[in-house]
1. Provide a single number: the residues in the range 25-44 that are of a type in the set (Gly, Ala, Ser) and modelled with pLDDT of 85 or more.
2. Kindly indicate the residue of the range 27-48 that is touching a residue at least 60 places away in the same chain (Cβ under 8 Å) and hydrophobic (A, V, I, L, M, F, W, C) and also nearest to Ala96 (Cα to Cα) among those meeting that condition.
3. For the structure I just gave you, tell me whether Pro108 is assigned to a strand (DSSP E or B), touching a Lys or Arg at 6+ places or on another chain (Cβ under 6 Å) and modelled with pLDDT of 90 or more.
4. Under the condition of being in contact with a His (Cβ under 9 Å, 6 or more places away or on another chain) and without any contact (Cβ under 8 Å) to a residue 40 or more places away in the chain, which residue from the range 58-75 is surrounded by the most Cβ atoms within 10 Å (Cβ to Cβ)?
5. Of the numbered conditions (1) among the basic types (Lys, Arg); (2) farther than 21 Å from Gly89 by Cα; (3) modelled with pLDDT of 85 or more, Arg2 fails exactly one; give the number of that condition.
Amino acid sequence: MRSNLRLCSLVMGVLLIATVAAAHHPNSGLFDESKEFTLHGIVRSIAYVEPHVILQLEAVAGGATYFVVLPSPLSLETNGLPKGTLRVGMALSVVASPGVNDPGVLLPEHLEFGGVVYQLNFETTPGGATVHSR
């Protein structure tokens with residue numbers, strides 16, 4: 001029960017940050033793009049909540065938990081990532097920038113899994129991802 005309450009509180013905090021990010025594109029003040037890095041992790045939870053999809057990702061190295069703020073569910077679906085493509089327990093890599101105030105919240109440039117790179121774009125409407133096969 002306590003862990004569910006904690007997870008819910010964390011997701012709500014991430015959603016608040018995501019809402020602010022959505023209202024203030026570009027994200028230069030919220031995320032430090034000069035500190036972009038690659039994270040290999042396991043998806044621990046997924047929240048499909050407008051205006052964004054939030055992944056809870058556990059790092060393979062070290063086990064730290066991160067929250068990855070993706071474009072909207074509609075943007076992902078329109079561009080090759082429909083609901084159900086991302087699954088709890090799956091491994092993926094993300095190239096992302098950490099939050100200025102919370103480095104555990106990430107703004108991704110792209111996701112990679114199953115040999116496919118999903119380039120993410122928060123500025124494009126209605127798109128949000130471009131699919132590139134390797």
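1. Our first condition is that a residue be of a type in the set (Gly, Ala, Ser); within the range 25-44, this holds for 28-29, 34, 41.
So of that shortlist, the ones also modelled with pLDDT of 85 or more come out as 34, 41.
Qualifying residue count, the range 25-44: 2.
2. Within the range 27-48, the match that is nearest to Ala96 (Cα to Cα) is Phe37.
3. In short, no.
4. Looking at residues that are in contact with a His (Cβ under 9 Å, 6 or more places away or on another chain) and without any contact (Cβ under 8 Å) to a residue 40 or more places away in the chain, I get Pro73.
5. (3)
Conditions tested, residue by residue: (1) farther than 13 Å from Phe31 by Cβ; (2) surrounded by fewer than 17 Cβ atoms within 10 Å (Cβ to Cβ).
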| site | (1), (2) |
| --- | --- |
| Ala47 | yes, no |
| Glu77 | yes, no |
| Leu86 | yes, no |
| Met90 | yes, yes |
| Val105 | no, no |
| Pro108 | no, no |
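The values are calculated or read from the model by the stated rules, or taken from the named source; none is laboratory data. Everything numeric here is computed off the predicted structure, so don't read it as measured data. Cβ: placed from backbone, ideal geometry, glycine included. Neighbour counts: every protein chain shown.
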